[in-house]
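Heads up, the thing below is written out as structure tokens.
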Amino acid sequence: MPRLDNLTVVPKVKGVADIVFCIDITGSMGPCIVGVLDNLKHLAEGFGAANVSLDWKAKAVGYRDVDASGTPFEGFDNPFTSNIDDLKAQFDRFEASGGGDEPESLFDAMLKIATAGDWPHPVGAALRTIVVFTDASPHGQLSASLWTGDLSFNRVSSELRKAHTKLFLNAPEHPNYNSFSALLGGDCRYSSLGTTRTEVLSKLQTQGFDQLLLSLGKTVSAMSVATATATI
């Protein structure tokens with residue numbers, strides 16, 4: 001498991017992060033959910049290895065496909081927690097099933113998270129982060145059965161920016177993901193997991209999570225250093 005010891009930051013700067021793990025829990029994602037669970041115990045340890053004292057709260061949100069199930073947000077009401085065992089228990093309640101054929105309702109899930117109003121800290125007081133794991137492409141627009149008005153993913157990017165939320169997107173190569181990450185610019189780190197299902201599932205179980213820890217550690221470190229410098 002990669003460590004974060006090689007990050008260069010000022011000694012013991014305080015970082016604050018609110019993290020939502022947004023997980024595709026359709027049937028094909030079973031192996032990924034197991035992989036994420038196996039690695040969750042390294043989350044707090046990974047941050048602790050950097051010279052950053054991280055005050056974090058996180059929760060797990062599952063989603064499926066509104067067209068197949070009618071209820072794409074599974075486990076959405078999980079509360080934020082700072083206890084790693086409680087967070088693991090949230091994942092334990094997820095069951096990978098259903099979903100039908102691609103695509104899935106990721107943009108709907110992200111809009112729901114961005115506008116939910118349950119972030120532990122106000123805008124600007126913490127690094128707000130949504131971390132996505134999926135092996136599927138997204139619908140090209142929001143579901144008309146869930147939302148009114150603008151159904152484009154421009155609305156999703158606008159709400160993420162309004163909430164000052166950074167996105168770590170671990171997903172297959174797809175034009176909609178490329179376009180969406182371009183809309184968010186520096187607020188999105190899109191890790192393309194490949195084009196074949198075998199390649200994508202393999203990376204979701206192994207490389208995707210390792211790289212996520214490194215990326216989150218660097219982002220929180222940079223934010224913490226900038227905050228500390230501004231207050232001197």
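Listed by chain and number, the aspartates and glutamates placed with their C-alpha closer than 12 angstrom to that of residue 203 are 135; residues fewer than eight positions away on the same chain are left out.
Using the Cβ-Cβ distance between residue 102 and residue 123 with R0 set to 25 Å, the FRET efficiency from 1/(1 + (r/R0)^6) comes to roughly 0.15. By its C-alpha gyration tensor, with a ≥ b ≥ c as the square roots of the eigenvalues, how is the range 79-122 shaped: rounded for a/c under 1.5, else prolate for a/b larger than b/c, else oblate? Since a/c reaches 1.5 but b/c is at least a/b, the shape of the range 79-122 is classed as oblate.
Structure note, pairs 57/166; 88/112; 112/162; 59/166; 59/112; 57/88: Cα-Cα distances above 19 angstrom occur for 88/112.
No value in this document is a laboratory result; all are computed from the given coordinates. This one's a predicted model, so the numbers in the text were calculated from it and none came from an experiment. Positions of Cβ are backbone-derived with ideal geometry, glycine not excepted, and every protein chain shown enters the neighbour counts.
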